[in-house]
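Values in this text are rule-based calculations from the coordinates and carry no lab data. Here the structure is a predicted model, which is why all the values come from computation and not from measurement. A quick note on method: Cβ atoms are made from the backbone with ideal geometry, for glycine too, and the neighbour counts reach across all protein chains shown.
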Amino acid sequence: MQKGQKRFNPGEAIIPTITLAFGVAYFLQTRDASLVAVKWPYIIAALTAVLWLVVVAKFLFDTPNHPAKTKPIDSDKGKVLLIIIAPVIYVATMPYIGFGIGSLLFMTVLFRILGGRSLLKNLAVAFSITSFLYITMILLMKMPLPRLVLGPIQI
Amino acid sequence: MEVATIDVILSGLLLLLRPEHLMWLPLGMLAGLLVGSLPGFNDTNFLAMVLPFTVYLGPMNAVVFMMACFCASQAAGSIPAILLNIPGTPSNAPTCLEGFKMTRRGKAAYGLGLSVGASTVGGVLSAVIALVITPVVGVYALNFGPAELFMMALFGMTAVGSLTGKSLSKGLFSSALGLFVACVGTEFQEGYTRASFGFFELYEGFPLIPVLLGLFGFSELFTLVTEKSLVAEGVEKIRGYGPILQGVKASFRYKANMIRSGLIGILVGMIPGTGAAIATWVSYGQAKQWSRTPEKFGTGHEEGLIAADACNNGVPGGALIPTVTLGIPGSGTTLVIMAALMINGVTPGPSFFGEHAVEAYAILFSLVVANIFLLPIGIIVARLASNVTAVPNKYLVPIIALFCLVGAFAWRQLTFDMYLVVLFGILGALLNRYGYSVPAFLLALLLGPLAETNFFWAVEIGGINSFMRPIALVIFCATIGVLVLPAMLQTMVVKGKTNPNDPGSEPTDSGQI
């Protein structure tokens, strides 16, 4: 890549696109509001729009002097997706299997997928962390985290 | 309004010295030293994670714990910087330049000792200055009305936005986006719920804690998971305390350097949005300019390491001043500390020293005491440090994820908040990846309602003339000033980064924040 040559990185469009989508959804949601209620959002939206145009114009027309240094993530896409999907599954299943078992499974499985080969070690670390959280949050701080009810026992 | 009497000041000290409060100080320091020495995971992330638990500690214990953690983590970031050439926090980048060269020369323990000595002196100096000038600034801050508060919010957001993005436009855009997102929820004039997207959980806007956990803690996982390990292979084992103590002793030979660097830390730390990452480069550059042996910088020189670390620990004192007096956090960590106070029912700002004078002094004293404690605790931790930095990512990533998710749930007991952590984690990772500013986005989200309320109050009370009052105008001029400041600081940073031994050397991105 020669110095001064335009580099087109489609990823640069992600944040402006998210902003645009948020703005459209926001004003669709508030279309029945009075002017008083949305006066401030209009001011902020106008400010955001001006800066949005500047950012997009720079992305489209500005020529960087240094090559972009964002690290390619193609080889790590699986791990990145795992970091998104695993917590979603954990959160979705926790009300049914309880905090204790859910956390133990969540960590043991992730340790294994991320390279922890020893099942015993994985279980030991997962059990230690879960126990620590269980004792501090549920037993000491009395937080109402979901618990699996097995007759008289709650986990 | 009068400045507090000696009785109030002593009451603050005595409040801190109560065992139930003081016990959180060493605990915070140990946590900070541990967190700061983990590369890629800083005090802001950690404090964001423990934020929900501060509800159960109460404001005083929470802030003592957090201040101690803040001070200790600033110092501990130098440990991986010296041993592994990996800055524990962005502000430790200049420490790498000198410290790792010392390690290569077999003087790692000596370098760690220098770092502990410089951090202690810089930190104590900064804390004492903060103790003296913060209440005075607080008295003047009481003259602030809605117009001035709106201008301060504008100043804070502009400062953070203009100084923390990869470019000015992206930084300011991050602030604007944060303000826009803050428009979600019930507005105060008519009680209309603006854009809750059908979720009752958003009636009060986006909740602060899940957003914080997502943007700081969870977003870091996307980077950590793509890196294999943090195992410190080949790092020199530190044998005994001897070399560390020699380093501490040697650091006291550079008194002028440490005082100048500490002052730079407190001055830059006072400007919201600048933070330690800029301050340490400025200090490093100044040390080189004042040095009799500038040619030795970049080769494992004691002066460079001392300048960076004394300044680094000078920043917390500076960052605390606008946080407690104006309610404008000077850094990401003070933002979390401010949030801890707010969720405990204490709002930092102009009336803080009037309504909570004893607690305010206790907080300032906690900074002084934490920095004094840093010396013995830092020496012990430095000896054990290489073991901590060897935590492999395969274990670190799931543990951080779990703490973030559970922490979000703990705040409102809503599963919805756990999904928000993931959502804002993705957003934070994208903002970071493409050079936008996460601190600017977050600060705007936090200050958005404050800015809106005070803007309309000011207009209702005095119309547009409200904004022509002297203090408001001065703050507005300062806001314009911070738009120019990045260029000035960048010049100083370039001076700091350019190695005189290599005239062709160009600044790298390592110091970017």
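Just a few scattered comments:
- Student exercise, the stretch A:75-154 dipole from Lys, Arg, Asp, Glu Cβ charges, in Debye to nearest 20: 120 debye
- Each Lys and Arg Cβ is given +1 and each Asp and Glu Cβ -1; about its Cα centre, the stretch B:321-461 then shows a dipole of about 640 debye.
- Over all other residues within a Cβ to Cβ distance under 14 Å of B:Gly332, the charged ones net out to -2, with Lys and Arg as +1 and Asp and Glu as -1.
- Packing around the peptides A:42-52, B:22-32, taken as the average count of other Cβ atoms within 10 Å per residue, puts them in this order, highest first: B:22-32, A:42-52.
- Sequence of A:Lys121, B:Lys288 once ranked by neighbouring C-beta atoms within 10 Å, starting from the fewest: A:Lys121, B:Lys288
- Packing rank of B:442-449, B:6-13, where each peptide gets the mean count of other beta carbons within 10 Å, highest leading: B:442-449, B:6-13
- Max mean-square fluctuation residue, GNM over chain A, Cα-Cα springs under 10 Å, options A:Ile97, A:Ile18, A:Ile83: A:Ile18
- Segment A:Leu139-A:Ala25, extension gain: residue separation times 0.36 nm, minus the distance between their alpha carbons: 36.8 nm
- The translational diffusion coefficient of the stretch A:75-154, from Stokes-Einstein at 25 °C and 0.890 mPa s with a Kirkwood hydrodynamic radius over alpha carbon pairs, comes to 180 µm²/s.
- Amide H partners (placed H, <5 Å) of B:Arg194, local residues excluded: B:Gly185, B:Thr186, B:Glu187
- Fewest neighbouring Cβ atoms within 10 Å first, the residues A:Leu35, B:Leu125, B:Leu483, B:Leu335 line up as A:Leu35, B:Leu483, B:Leu125, B:Leu335.
- Per-residue Cβ neighbour rank within 10 angstrom, fewest leading, B:Cys183, B:Cys71: B:Cys183, B:Cys71
- Hypothetical label at B:Val132: residues of the stretch B:321-360 whose amide nitrogen lies under 17 Å (7 Å Cα-Cβ projection): B:321
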